[in-house]
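Below: the structure, in structure tokens.
The values are calculated or read from the model by the stated rules, or taken from the named source; none is laboratory data. The structure displayed is predicted, hence computed values, not measured ones. So basically every Cβ, Gly included, is an ideal-geometry build from the backbone, and we count neighbours across all protein chains shown.
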Amino acid sequence: MIKQIFGKLPKKTSSKSSSHPNGDGGGVNPYHIPPPTSNGGTIPPPSLTRPNGVYEALPSFRDVPTSEKPTLFINKLTICCVLFDFTDPSKNLREKEIKRQTLLDLVDYIATVSTKFTDAAMQEIAKLAVVNLFRTFPSATNHESKVLEALDVDDEEPALEPAWPHLQLVYELLLRFVASSMTDAKLAKRYVDHSFVLKLLDLFDSVDQREREYLKTILHRIYGKFMVHRPFIRKAINNIFYRFVFETEKHNGIAELLEILGSIINGFALPLKEEHKLFLVRALMPLHRPKCAAAYHQQLSYCIVQFVEKDSKLADTVIRGLLRYWPVTNSSKEVMFLGELEEVLELTQAAEFQRCMVPLFRQIARCLNSSHFQVAERALFLWNNDHIRNLITQNNKVITPIVFPAMERNMQGHWNQAVKNLTLNVRKVLAETDQVLFDECLAKFQEDEASKTEVAAKREATWKLLEDLAASKSVSSEAVLVPRFSSSVTLLTSAKASGS
């Protein structure tokens, strides 16, 4: 019975059928259509272009009548589904050049075509993309180090795809097809379907930045043309982010995907849907957590700011999200967070600011006392922003007592002179805003410091008495017993009694 049930389930396709190593072989293609069995024109079918296995070129579009161009177009697409090995530059040089010229001819034809693409033509274009582009990338052992060292790309040679001479033309052909006014989206969605989009998204993990740039443009065009796919594309990108943040922290195309999302978010209608707000909280904010966030932080920050521009009430959510993922030991990441924080605060209204100002300025106070001078400087630069300074002034009775001790400690002991100078300027701003409050904070700080000094002196005296007491008993084998809650007075009395 169980065998009968499992026998009805669809079997998983072999990995070999969906990948090819750098273009030296293909697999089963779901978009395959058989070549025509008869042809009334002068163009031979593709099967006749390779007698005895020889790869032959087809005539140019300029050399055939207009009525035969659609058939020639399909035949050219079919022969371009033949793959070659680019790992060996000396192999199949003639055939590779024929395919390159054929692809160039196809790209020019798509750009100038004046009639709607037929169903058969769209099927062959999809097949061409599936066979040539969709592949599984080799799992490099140094993938993790490449991601973590994404900022050091200037010191290394960029990784390039060996089959790029052909891949670039296939990408250009696909881009022109998607962008063409002759492409009927209602018909094309049968071939540019969910499976096609998922495979396209998988390619964003390519190590070749040129490929990711093409993919970014093509996916954006697909999002704009195929409205039916929009929710699916957003959900698929969501899943990539989840896998990246919570499982692998390894992906080469996060920055490009965020660039696409930046444009998508910019087009969101108001009021924002609940699913879009959940996307901000669940997918975008956790992207601040990975160690390699610097590789895509600029694009991420743009997306976050777009949300706050759309709905200023999200400022509190975003700021609390930043505080949640605030780095503890990564100073360069702290500088990036402070830069993003300033952009968000520029768009924050007074009501949202008041909801989060206490935890926010506790974190800023910690940044002010950072031993890394760039972190301290970046935090002090917040007072140079007019809008932020106005928000602070309006709530100075809450904020000044929080940041004042950090500034005084900077004045007394920070090693960097530039930080001291900036602290002095901000301190003057606080004094000019409310001199009475400033004096109260100064008096309280001095009182707290005196109390700390007194506590430290008592602690030092206690340890000194313990050392003396232990030294007086060390000549004998008698154990020194110290009560758990002994005070310094008790210890002093005990020491005098033992001395007498």
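Quick notes
- Test: residue in region 192-201 that is crowded, with 18+ Cβ neighbours inside 10 Å, under 18 Å from the mean Cα position of the chain (by Cα) and in a loop (DSSP other than H, G, I, E, B): no
- Among residues of region 91-103 that are touching a residue at least 40 places away in the same chain (Cβ under 8 Å), those with a beta-carbon under 8 Å from a residue that is crowded, with 18+ Cβ neighbours inside 10 Å and of a type in the set (K, R) at least six positions away or on a different chain give the pairs T102/K76.
- Looking only at region 282-303, and only at residues there that are closer than 12 Å to Y242 by Cα and assigned to a helix (DSSP H, G or I), the one that is nearest to the chain's Cα centre (by Cα): L287
- Every condition in (1) free of Cβ contacts under 8 Å to residues at least 40 places away in the same chain; (2) in contact with a helix residue (DSSP H, G or I) (Cβ under 6 Å, 6 or more places away or on another chain); (3) hydroxyl-bearing (S, T, Y) is met by T329 except one, and the failing one is (2).
- So F244, is it surrounded by 14 or more Cβ atoms within 10 Å (Cβ to Cβ), among the aromatic types (F, W, Y) and part of a helix (DSSP H, G or I): yes
- Here A269 clears all of (1) over 19 Å from A293 (Cα atoms); (2) modelled with pLDDT under 95; (3) hydrophobic (A, V, I, L, M, F, W, C); (4) assigned to a helix (DSSP H, G or I) except the condition numbered (4).
- Taking region 165-191 as the range and being of a type in the set (F, W, Y) and either surrounded by fewer than 15 Cβ atoms within 10 Å (Cβ to Cβ) or farther than 30 Å from L93 by Cβ (or both) as the test, only Y191 passes.
- For P59, the conditions (1) at pLDDT below 85; (2) assigned to a loop (DSSP other than H, G, I, E, B) are fulfilled apart from (1).
- Residue within region 319-333 that is under 14 Å from the mean Cα position of the chain (by Cα), in a helix (DSSP H, G or I), of a type in the set (A, V, I, L, M, F, W, C) and surrounded by 15 or more Cβ atoms within 10 Å (Cβ to Cβ) present: no
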